[in-house]
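Chemist: Supplied in structure tokens, the structure appears directly below.
The values are calculated or read from the model by the stated rules, or taken from the named source; none is laboratory data. Note that the structure is a prediction, hence the values are computed from the model and not measured. Neighbour counts run over all protein chains shown; Cβ positions are idealised from the backbone, glycine included. Each accessible area value is taken on the protein alone, full model and side chains, heavy atoms only, with ligands, DNA and RNA left out. Shrake-Rupley method; radii C 1.70, N 1.55, O 1.52, S 1.80 Å.
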Amino acid sequence: MKETPLSNCERRFLLRAIEEKKRLDGRQTYDYRNIRISFGTDYGCCIVELGKTRVLGQVSCELVSPKLNRATEGILFFNLELSQMAAPAFEPGRQSDLLVKLNRLLERCLRNSKCIDTESLCVVAGEKVWQIRVDLHLLNHDGNIIDAASIAAIVALCHFRRPDVSVQGDEVTLYTPEERDPVPLSIHHMPICVSFAFFQQGTYLLVDPNEREERVMDGLLVIAMNKHREICTIQSSGGIMLLKDQVLRCSKIAGVKVAEITELILKALENDQKVRKEGGKFGFAESIANQRITAFKMEKAPIDTSDVEEKAEEIIAEAEPPSEVVSTPVLWTPGTAQIGEGVENSWGDLEDSEKEDDEGGGDEAIILDSIKMDTGVEVSDIGSQEMVFHHVGQAGLELLTSDAPIILSDSEEEEMIILEPDKNPKKIRTQTTSAKQEKAPSKKPVKRRKKKRAAN
């Protein structure tokens, strides 16, 4: 997927802002973006954030045979990967011109500058040496990849620890971290790349260009330098002609920026080593800031706990002593137990509506019990306005509790008794056999008439 080109309006806006010495993110001409370094749980793993540009660095090692022309030197290998996760314009599985240029620049900056003592990586001359591999993965692309990659590479190398080895005759013994402490690499100096972007044929200069500024720049100058102001490598691209004074000016600016970045790297390494020795929490999960939408941020107030015991004793002395009376539960029958002290209800008096409900329910229960005792009837579906009784015996039942009629039924004889206030009960008996006998004669004549008509 090709990157979306800038429109003419955006290009003119960026160039006009650069002419007025203004940048989109509010920085000044020679300002770097914020650099943040975080380490993983394993040695040699780190993430460097240069603004929104993020690079993951991982260092690994293995014992291999040395090169024939350098039998006493270890091997350094650097590999930078640009994935589509960082930017959709990067094509997977294909080395672009940008990737080849960045890898070559990293090798010149770190390997050719002899920042690492390769002879200390030799175990057995001509037979076994350490091969140090530095893998760099671009996680997010927002401009100035080479500076972030160089910082990530040197930080990962400084943080890395290789296993300790011992040689006895022809036998090489490799020790685990539990048996012996890992050994750090021997690093002479820390070269760091600083990028300068030129606009309008070298008229305007910016330090640490972002992704949009890289699109409109005319040329790029990269200077790799250590804190001793020693230039390790220098590269100019873009086809612009630079004067000697411009290069010297950029080198002075690079010396100041490299000193600041080196101090930041050393401080980050020191803090990580201190946390690991103290047994604290470390790793990428601890370095992620807990800034969630649902999290509440509260300011922590300092609490003085020096005289806590004295204050506690004063509070206990001023408090009322506990009551000596202890209630003893009464067990009415053997095999029972009581929970609580058995005191009166402390929830307060019942409301008027609850009292009425309790009294009404008690009256209804008394009436229904008396009805059962007198007549032997099962009562069900008690309502406030209507009651339904299932007749058990052969005698009828008269009950007037409200103005609504009361229906009594007998399931055996299918007899319905409707009782109304101040009226005699009316009995309605429905029999299925009589209904069938009444309906049967009415159907037979119809059939005969139909037969007679058919015969005529």
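Chemist: Taking the range 267-309 as the search range and keeping residues that are of a type in the set (A, V, I, L, M, F, W, C) and surrounded by 13 or more Cβ atoms within 10 Å (Cβ to Cβ), which one is modelled with the lowest pLDDT?
Modeler: PHE284
Chemist: Another question, if that's okay. Over 13 Å from HIS141 (Cβ atoms) and either of a type in the set (Ser, Thr, Tyr) or open to solvent by less than 40 Å² (accessible area, probe 1.4 Å) (or both) - does that describe any residue in the range 82-101?
Modeler: no
Chemist: Of the residues ASP164, ASP170, only one is more than 17 Å from VAL247 (Cα to Cα) and open to solvent by 50 Å² or more (accessible area, probe 1.4 Å); which?
Modeler: ASP170
Chemist: Filter the range 240-254 for residues that are part of a helix (DSSP H, G or I) and open to solvent by 50 Å² or more (accessible area, probe 1.4 Å); which is nearest to HIS228 (Cα to Cα)?
Modeler: Step by step, filter the range 240-254, then rank; the result is LYS252.
Chemist: I need the full set of residues from the range 108-139 which are more than 24 Å from ASP272 (Cα to Cα) and within 38 Å of the chain's Cα centre (by Cα), in order please.
Modeler: GLN131
Chemist: I'm told THR41 meets every condition in (1) assigned to a loop (DSSP other than H, G, I, E, B); (2) buried (at least 17 other Cβ atoms within 10 Å of the Cβ); (3) under 22 Å from the mean Cα position of the chain (by Cα) except one. Can you identify the failing condition by its number?
Modeler: Every listed condition holds for THR41 apart from (2).
Residues are listed down the side, and each one gets a yes or a no for (1) over 21 Å from ILE47 (Cα atoms); (2) assigned to a helix (DSSP H, G or I); (3) among the small types (Gly, Ala, Ser); (4) touching a helix residue (DSSP H, G or I) at 6+ places or on another chain (Cβ under 6 Å):
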site	(1), (2), (3), (4)
ALA86	no, no, yes, no
LEU98	yes, yes, no, no
ARG108	yes, yes, no, no
ASN112	yes, no, no, no
